[in-house]
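Take a look at the structure set out below.
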Amino acid sequence: MSKVCQGPCNREARAVWAVFLREREAHADAVDRWLAEGGEGEPPREPVMPVVEWRPGESLHCGRCRATARRALLVVDELAAALAARPGVVKAQSKWSRVRGTRPHGSMSGEADVVHTVTGELLRLRRDVGERLELADQVPAGRSGVVRSRSVTWLVDKLDAVLGLEQLTVVSAVRDPDDPVELGVVEWALAWESKLRRLVDDEPGHTVARCPGCEMRSLEWRQRAGYYVCENCGRHVSEADAMDLVSEEAGA
Ligand SMILES: [Zn+2]
Ligand SMILES: [Zn+2]
């Protein structure tokens, strides 16, 4: 098999395959137990190997996942700018800075914190990429909006090379500020996109994707769940998967 795409388009295949590997291990244990007990009767039945369709990666990521990452990165920059420009964020800062001596530690609003975090992660990724690709790049100091935007442009510009780097991950606080996790670059960009969209109330609306469970075009966005839920069969579909389904049907 040629190399498969490392991106989210193979998420489902990876999940199915992981289940099979667990079943196979459980089967081996069951056979051991069966033998230890004398091996009488039928041996435990072997798990059936699933038919898994892997999308090949062109180097490491397929064209669709590269396009997903490019789009998500640009949207992240735009949304972070929108969030930073919110009156609440500016007010929170100027209010405290005007009254000298009263500014408590960590008084930045939650939104400013989020912008700070995503910018920090972008800069760290930029530095890692610069090192891995041996590019002469001076990562700018500070985490201003200009620095963030230029870093996104820098990454998007080199995205094909970036997504061709083996085992390039980002340690990210996108899901839980107190519990950073390691994410692949495409998943990381998508996770930030959906988090920021939630914060600026720009959540996904209607999708024309067909439900993978019942094939009906009846997926409705449920804000609380952060998923599309099929009105017909109740199946949950993530926003990224819904976008994947649409491009798949369009023959991307
Ligand atoms: Zn892919
Ligand atoms: Zn359905």
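The values are calculated or read from the model by the stated rules, or taken from the named source; none is laboratory data. Not measured: the values here are computed from a predicted model. Glycine gets a Cβ as well: all are built from the backbone with ideal geometry, and neighbour counts include every protein chain shown.
Report yes if some residue within region 59-66 is assigned to a helix (DSSP H, G or I), more than 12 Å from ligand 1 (Cβ to nearest atom) and closer than 30 Å to L163 by Cα; otherwise report no.
Within region 59-66, not a single residue is assigned to a helix (DSSP H, G or I), more than 12 Å from ligand 1 (Cβ to nearest atom) and closer than 30 Å to L163 by Cα.
For (1) among the hydroxyl-bearing types (S, T, Y); (2) out of contact with any helix residue (DSSP H, G or I) (no Cβ under 7 Å at 6 or more places or on another chain); (3) within 30 Å of E111 (Cα to Cα); (4) in a loop (DSSP other than H, G, I, E, B), each residue gets a yes or a no:
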residue: A18; (1), (2), (3), (4): no, yes, no, no
residue: L21; (1), (2), (3), (4): no, yes, no, no
residue: A28; (1), (2), (3), (4): no, yes, no, no
residue: D32; (1), (2), (3), (4): no, yes, no, no
residue: P44; (1), (2), (3), (4): no, no, no, yes
residue: V51; (1), (2), (3), (4): no, yes, no, yes
residue: D77; (1), (2), (3), (4): no, no, yes, no
residue: A80; (1), (2), (3), (4): no, no, yes, no
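Answer yes or no as to whether L245 is away from ligand 1 (no atom under 16 Å from the Cβ) and of a type in the set (A, V, I, L, M, F, W, C).
no
If I filter region 178-191 for residues that are over 14 Å from the mean Cα position of the chain (by Cα), at pLDDT 85 or above and either more than 16 Å from ligand 1 (Cβ to nearest atom) or on the phi > 0 side of the Ramachandran plot (or both), do I get at least one hit?
Yes - at least one qualifying residue is present in region 178-191.
Looking at region 203-224, can you tell me whether even one residue there is within 16 Å of ligand 2 (Cβ to nearest atom) and within 17 Å of the chain's Cα centre (by Cα)?
Within region 203-224, not a single residue is within 16 Å of ligand 2 (Cβ to nearest atom) and within 17 Å of the chain's Cα centre (by Cα).
Every residue, every condition in (1) more than 16 Å from ligand 1 (Cβ to nearest atom); (2) closer than 14 Å to A242 by Cα; (3) in contact with a Phe, Trp or Tyr (Cβ under 9 Å, 6 or more places away or on another chain), yes or no:
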| site | (1), (2), (3) |
| --- | --- |
| L196 | yes, no, no |
| D201 | yes, no, no |
| P204 | yes, yes, yes |
| V208 | yes, yes, no |
| C211 | yes, yes, yes |
| M216 | yes, yes, no |
| E220 | yes, yes, yes |
| Y228 | yes, yes, yes |
| E231 | yes, no, no |
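Among the residues of region 164-177, is any of a type in the set (K, R) and either within 16 Å of ligand 1 (Cβ to nearest atom) or more than 20 Å from G7 (Cβ to Cβ) (or both)?
no
Given (1) free of Cβ contacts under 8 Å to residues at least 60 places away in the same chain; (2) within 15 Å of the chain's Cα centre (by Cα), identify the lone condition not met by C233.
Checking C233 against (1) free of Cβ contacts under 8 Å to residues at least 60 places away in the same chain; (2) within 15 Å of the chain's Cα centre (by Cα), the one that fails is (2).
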